[in-house]
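Engineer: Sharing a structure, written as structure tokens. Questions coming.
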């Protein structure tokens, strides 16, 4: 993704959010995304546990792309995938 495209993608800096509120806030933003839309999270550590939770809760619904991998800052783009039109497994 080009820098100009990244500038228009919503960003959540989770470092400014109390730890107990981080994942619920991210899930809320993720589930509100339109198909094909994305947002970026910024964190001070690898958010791999969040990735596992998203995959477990919403299998096949989101993609996960590391844009920056530490050591001080991690940036990840989370995108809502386009639907195949099939309501057979997740009803989305």
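Engineer: Just to be sure I understand the filter: pairs with C-beta atoms under 8 Å, separated by 6 or more residues or on different chains, first member in the stretch 55-71 and free of Cβ contacts under 8 Å to residues at least 60 places away in the same chain, second member loosely packed, with under 12 Cβ neighbours inside 10 Å and in a strand (DSSP E or B). Which pairs pass?
Structural biologist: none
Engineer: Could you check the stretch 58-75 and list, in sequence order, the residues that are under 13 Å from residue 40 (Cα atoms) and surrounded by 14 or more Cβ atoms within 10 Å (Cβ to Cβ)?
Structural biologist: 62, 64, 66, 67, 73, 74, 75 - these are the residues of the stretch 58-75 that are under 13 Å from residue 40 (Cα atoms) and surrounded by 14 or more Cβ atoms within 10 Å (Cβ to Cβ).
Engineer: From the list 21, 44, 13, 3, pick out the single residue that is modelled with pLDDT of 95 or more, exposed (fewer than 12 other Cβ atoms within 10 Å of the Cβ) and more than 11 Å from the chain's Cα centre (by Cα). Explain how you work it out, then say what you get.
Structural biologist: Working: 44 fails: exposed (fewer than 12 other Cβ atoms within 10 Å of the Cβ); 13 fails: exposed (fewer than 12 other Cβ atoms within 10 Å of the Cβ); 3 fails: modelled with pLDDT of 95 or more.
After applying the criteria, what remains is 21.
The values are calculated or read from the model by the stated rules, or taken from the named source; none is laboratory data. Note that the coordinates shown come from a computational prediction; the quantities given were computed from them, not determined experimentally. We place every Cβ from the backbone using ideal geometry, glycine too, and count neighbours over all the protein chains shown.
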